Structures are given as C-alpha cells and as structure tokens.
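The structure under discussion appears below in the form of structure tokens.
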Amino acid sequence: MTSYQPIEPLLRDLGGNILSPPERLTVGQSSEKYRRLNNKGAYVGAWSNDKVPYLVDIMAALTSRDYQALCFATSAQSAKTEVILNWLAYTAKVDGADMLIYEKSEKDAQDFSERRVDRLHLDSPEIGACLLPGKSSDRVFTKFYRNGSMVSFFPPTKNSLAGKPSARVGLTDYDRWPLDIGGDGTGFDLARGRTRTFRSFGMCYVESSPSHPITDPKWRQNRERPHEAPPCEGILGIYNRGNRQRRYWQCWECEDWFEPDDEHCEWEPTSDLVARAQSVVMRCPLCRYGIITQAQKLQRDRAGHWLIEGQKLDKQGRKSGDARQSDIASFYLLGIAAAFNDWEKMFLGKWQAEEELASTGSERALKSKINIDFGKPYLSKSRELERSPDELMDRASDYGERVIPEHVRFIVAAVDVQNHHFEVQIHGLGIEPDAESWDVWLIDRYMIKKSKRRDDDDERLAVNPGAYAEDWDLITEQVIKKSYPLADDSGRRMAMKMVGVDSGGKAGATNMAYRYHRRLRKVGLHQRLLLLKGEPKPNAPRIEVRFPDNSSRKNRHAYARGETPLLHMNSDVLKDWLNHLLDREITGGGFIHFPQWFVERKAFFFDELCLETRDEKGHWSGAGRNESWDLLYYFLALVLHLGCERVNWQQPPPFCRPWDENPLVSKLQKDNNKTEKRKSLAERGASLL
C-alpha cells in the first residue's frame, strides 16, 4: 500500500509564508520584531532602532515606491551594512522577493554569507526558521526561503551584474569596487538595471564610506546647494545624483538646527594628544553657546531629522520648503554622528596621522582616517594648496652661487637619465644651530650633454645613455668627483657624499647603469653611487635596498647579477613627503631653500616643481618636464638611505659633522713658504665616510 507524507506541514507553510499577505511593516519595524543580535562583549539582545535612530528613515525608504534606488554614504561604525541584513531578514520573513547582494570580491561575498548571514540565521531563530529545509537550500552563495525568496551573493563582475533580474539588489562597500566593470560602466548603474523589470517595486541599495579623492580642488560649497557633497566618483557621486538628505541636530540653547560636523568640534589646547582628545566637544555653530558631548550624542540624534536639500526646520521640528526631486533617496551622515564612533578615538587617530604626515610626508594614514572614521573625501595636500612657481620663487634667498652654505653638512647629487643627456641636481643637507631637524639647500643644477665621442667634423656628439657605456663615465668625472667651495671664503671645498642615478625608463639605460656600477667597483668608487628605481606598488616601504639577479632568465642579457644594490623608492609616498616639505614656511623640519640665482637664470626649475598633482587614483602624475620634482624626491630617498632620520645631531656621524671635523671637507695644508693650499678628498680620490 502506498504511504503519503502528512499534508499539515505543507498547509502551514502555504498559510504562513506563501498565501498569507505580507505584514504591514517597514524594514526597521520588522527588524525590531524579528531580529536578534549576539555580539558578546558589545551587545546581546533584540534589534533596537533607538540605538541607531538615523537608520529608521533609511530603512523605511527601502520599501517606498517613490524611489528606485537608495544611497547611504557615511563612515565606519555607522551600522550601514546592518541595513542590508535587516532588509534580507525582511525579505525572508515579511515580504518575499529575489535578492542579489554584491560584495567587492568573491572572497568577501563568501565571508559576508558565512560570517554575517549565517549568524543572522543562527542568532535570530524566527529568521533562521524561514530557510527551506535541506542542505541544498543553505549554500554559501545562495539561500532559499520558504516564501519562495532566493538570495544570492556575488562579486562585482561583468557577468554577475548582467542578465540577473531581481527586485532587490544590495551593494556593499561600494568605493572599494572598480570604477568601471568590464568596460560596461559603473557597478551601481549596472546593478540598477537588474531591478528595472520590477518598476516601482524594484530597489537598489548602495552603501560605502567615501574613498575616492575630490576631483576638483577649487570646489567650494554653494549656498544654493548646501547639501551637495564634494565632486567625487563612487558613493558621493551617487549621493549627489539623489535628493541629498543630511542629518540635523537641535541645539540645546538656541533651539536652532545644524548638521553635526567635526568642524564644529573644540578641545583643550594641550600638546598631550590623549588629554586633548578626551576634551573634545561639539559647539553649536549658530549661537556658539550650546555644547554637545560624546555622552549626549545619542540623545541628540534621537531627536534629529533628515532634511532633503531645499527643506528647512523650525524650532518645533516642522519641515517646510521645496524638496529636491530624484528617484534616488540619498543620505549622507558624517562620521561624527555615527552611532558607534567614539570622538576621543576619532580625533586621537587623526592627530597621530597628522604627526606621521609631518615626519614622513606620507598622507596614507591621514587619508584613511578622514575617509573611514570621519566619512569625508580626502583632498591631497598638493591639490589643496595649488602651489605656484611664483610662490616658490618668493622664498629664494641669496646664499651664494654654487657654494656650500654655512650650515650644510654634506651634499648629494641626483641624476635623471634622459634620451640624450644626464640631468644633474646637487642638494645640501644641513642643520642650523639649536635646531632639532635638518633643512635642504639647492646648490646646483646642470646637464651633461656632450660625450667624448666625435663626428667626422671632430664635433662632440650628444650623450646617448642607452647605447654607449663610455658616456656613463662622464658621471664619474662631472658628478662623483665634483666638489664645491665653502661659503666662508677659506678656499676649502666639500666633496660629494653620494650620487643617486635613476636606473630605468629609457631604452637600454638599465643595462648600461649596471655595467657602469661594475666599472666603479673595479676602481673603488662604487660605494659613492646608488642606482634608483621607482616602486609602483602603493603599499611598498618608502625605500628598500634589493640586489636584483636575472642571470638565470633565458633569452635575456644578464645585466643584474645579484652584486649591485638597487634602491627601490615608493614614489607616491616620497612625493607626498616632498610636497609637505615644499609647503613649509619656516626653517627647520625639512624646509627647502632655493638660491636667488635659480630665480634669475633657472626659472624652469620652479615650473617643474609645480607640474605634478595627485590624480583620481591617488598617484602623482603630470604631463611635461618634471625633473626638478623627481630629482628632489630622489634626494629624499638618499637621505633616508643614509639614515639621516635617526641622526643624533649632538653626536652625528663623521659625514654630518661641522666643517672643521667633516672628512668631506678638504683640510688646510701648508706647502713650505707658499700660501695655504687646500686639497679636497674628491681630488685625492679618497674613500668617504
């Protein structure tokens, strides 16, 4: 006799999940009813909208038929990703529909499914019970629910964003996505196309903290568009396309409304960063009397409001005005108002990053803090100030032509290899009395253009670094062995401490550079030359000495045999540092001094220093001649290599000592009854300390 399964479970599923109408709940209301959290050490219990009040309107907009997309730009610690989890829980329990969730990579999509969604099912039993029974319904990249919903997880690829219609699409951490997906356009616009079939029932949610740089350094807030974000690609670009909603708090004192912003914060003016951070408060920018502390932040936000651009609030919280219209509901919450951001930690981290910028010139840590903690786009210091050649010329002083200024302890040459000449720049590093840090003095700039080779008319031919090894020997004669007179008119001269030469870029030049270093080794001058190479990897150390060896590679001339040191330079980080030093207005701490004769006869030098800016990807670039800029950052790399950041200037190494004690400076010598003569170490070919 045939046996049948009981029909009661099927009827219960039909009645409770498929045939029953959806509950009349918003995403936020369903979260409070069904979602549970088990974050031990942080929070355990039911989801509470009261702890993140600014999310209520955002979650309500997810089910509004007035919008087809929703953008939430904010900082970390704002629960922006929790919105997607609440939306998923709403989809599984309240109102079923297919849903696509995109993470920035396949690995991140897997992690989101296993770490976030599986824990949602585990910690919220009523949500977990919505899964269809059986292992095949609970896969890593796809979940099937009793109400017929299917939720899938993908990386943002061309294939995954095409041909998959879905009523609901969620995009996480959007500013860490590629700007263009396989040549088809932005991920957001491709994702919106997945919901088009569902018309007003479709919704695409995108969230991220800003990561892309400001594209126009001249941008200023327009009074007619007070909610507009700075021009950026990514999440803020999407926000500007929407109706531009900002969060407002009410002042305790004047009862007027203002947007909470870190620019309204104040603190005690102490050099102790920790004590300073502990004193941070926010002051009302309107009356200057009302003060809000970290402890009062949540209470202020519970009474807060989102305002669409064009709207305003009276003291009773009533809205008026012509709201900006868009099919994108866009929200921008600054990091200072994020629920789980601690003001003390935010500002302490920012100030520490600013100290790192001052000491190393690297903007990397500061950019991360501004983007992630404060929820703002970052404008590179170079683009912020828009330095001009005239401003740099105004800083020039008359400390002599091709002489060693009083406080310079050693000189270093940087050489850039061009197609038909060597570009040479001489820099001095020195320290003034009672100073704790060194400054930079420009000493000379010249080209090596003519080789010793001659044509049929006995005219000297142009240098060709990529083709003739003997042309490199001109660096020995005209740079390595070069010395400069001291500014004290004593007749003494200072020899070169080190010469750095760019080893790449020009065809054949790399091979010739290695051959040249081997020739110097034979005559004992190799320790005074260091080959340089820019490092394109953004996370590379500022400098790193490597010994390349390609002798085992087939079908290639072996010009690197493992015996020649090569200084790899993180060009973006070093250029950040150089940019910071060029901004300094007082001596000490790396101030760069320019000689007056550069202004009069080498004005191109200052033009070359202002050519490069950071592009949209955060790299330094510019079209045209930039040799002054490159040679100066080569010099900074050599300074780091020589250990000058760690020098104790009260007991410096020999090459950093004052002139009378410095082995780089020639000594006074008496030659019988003749006048005093001085002979430099460079002229004697002695090894330098």
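The values are calculated or read from the model by the stated rules, or taken from the named source; none is laboratory data. Predicted, not measured: the structure shown is a model, and the values here were computed from it. Cβ: placed from backbone, ideal geometry, glycine included. Neighbour counts: every protein chain shown. Note: areas computed on protein heavy atoms with side chains; ligands, DNA, RNA excluded. Shrake-Rupley method; radii C 1.70, N 1.55, O 1.52, S 1.80 Å.
Which three numbers, in whole Å and largest first, are the semi-axes of the equivalent ellipsoid of the stretch 463-518 derived from its Cα gyration tensor as √(5λ)?
Working from the Cα gyration tensor, I get semi-axes of 30, 10, 9 Å.
Name the cysteines of the chain that stand alone by the Cβ rule: no other cysteine Cβ under 4.7 angstrom.
Isolated Cys, the chain: C71, C130, C204, C232, C265, C610, C644, C656.
When ranked by the protection proxy of mean other Cβ atoms within 10 Å per residue, highest first, what sequence do the peptides 196-206, 563-573, 534-544 form?
563-573, 196-206, 534-544
How much FRET efficiency would the formula 1/(1 + (r/R0)^6) give for Q478 and E224, where r is the Cβ-Cβ distance and R0 is 45 Å, rounded to 0.05?
So, using R0 = 45 Å, E works out to roughly 0.15.
Given only helices, namely DSSP H runs of n ≥ 4 each adding -39500 (n - 2.57), what is the per-residue ellipticity at 222 nm of the chain, to the nearest 500 deg cm²/dmol?
-6500 deg cm²/dmol
Name the residues of the stretch 287-329 whose amide N is less than 20 Å from a point 7 angstrom out from the Cα of W252 along the C-beta direction?
Those under the cut-off are 287-305, 315-317.
Once you have the alpha carbon radius of gyration of the stretch 378-532, what is it after dividing by 2.2 N^0.38 Å, with N set to its residue count?
Normalised Cα radius of gyration, the stretch 378-532: 1.22.
Express as a percent, rounded to the nearest 5, the fraction of DSSP beta bridges in the chain (both residues included) that run antiparallel.
Antiparallel: roughly 55 percent of the beta bridges in the chain.
Tell me, what are the semi-axes, in whole angstrom and largest first, of the equivalent ellipsoid of the stretch 155-311 as set by the roots of 5 times the Cα gyration tensor eigenvalues?
37, 19, 16
Per Stokes-Einstein, at 10 °C and 1.306 mPa s, what whole-number D in µm² s⁻¹ belongs to the stretch 111-171, with the Kirkwood radius over Cα pairs as the hydrodynamic radius?
Result for D is 126 µm²/s.
Considering the convex hull of the alpha carbon atoms of the stretch 301-389, report its projected area averaged over all viewing directions, in nm², one decimal.
Averaging across all directions leaves 9.5 nm² for the Cα convex hull.
What whole-number value in Å² describes the accessible area per residue of the chain for a 1.4 Å probe?
Value returned for the chain: 47 Å² of accessible area per residue.
Output needed: percent of Cα pairs per 10 Å distance bin for the stretch 357-425, bins running from 0 to the one holding the longest distance.
For the stretch 357-425, the binned pair fractions read 13, 23, 34, 21, 9 percent.
Name the aspartates and glutamates eligible as straight-distance cross-link partners of K481: C-alpha to C-alpha under 13 Å, and not fewer than 8 places from it in the same chain.
Within the straight-line limit of under 13 Å, K481 reaches these aspartates and glutamates: D473, E683.
How big is D for the stretch 448-583, in µm² s⁻¹ as a whole number, if Stokes-Einstein is applied with the Kirkwood radius of its Cα pairs at 10 °C and 1.306 mPa s?
Roughly 92 µm²/s, to the nearest whole number.
Between L668 and V140, what FRET efficiency comes out of the Förster formula 1/(1 + (r/R0)^6) with R0 = 60 Å and r the beta carbon distance, rounded to 0.05?
Once rounded, the FRET efficiency stands at 0.15.
So, with a 1.4 angstrom probe, what is the percent of accessible area on the stretch 200-341 that is carbon and sulfur?
About 45 percent, which is the carbon plus sulfur part of the accessible surface.
Over all alpha-carbon pairs in the chain, figure out the percentage whose distance exceeds 45 Å.
40 percent
Which of the pairs K135/K158; K104/K367; K450/K667; K297/K367; K107/K164 have their Cα atoms more than 27 Å apart in this structure?
Violating the 27 Å limit, Cα to Cα: K135/K158; K450/K667.
Three principal axis extents, largest first, for the C-alpha atoms of the stretch 35-153, in Å?
Here the spans come out as 39, 38, 29 Å, largest first.
How would you rank 631-640, 424-433, 449-458, 391-400, highest first, on the average number of other Cβ atoms within 10 Å across their residues?
631-640, 424-433, 391-400, 449-458
Given K369/K537; K80/K350; K93/K319; K452/K575, which pairs have Cα atoms separated by over 25 Å?
K93/K319; K452/K575
What does the highest-first list of 153-160, 486-493 look like by mean Cβ count within 10 Å?
Listed from highest to lowest mean packing, they are 153-160, 486-493.
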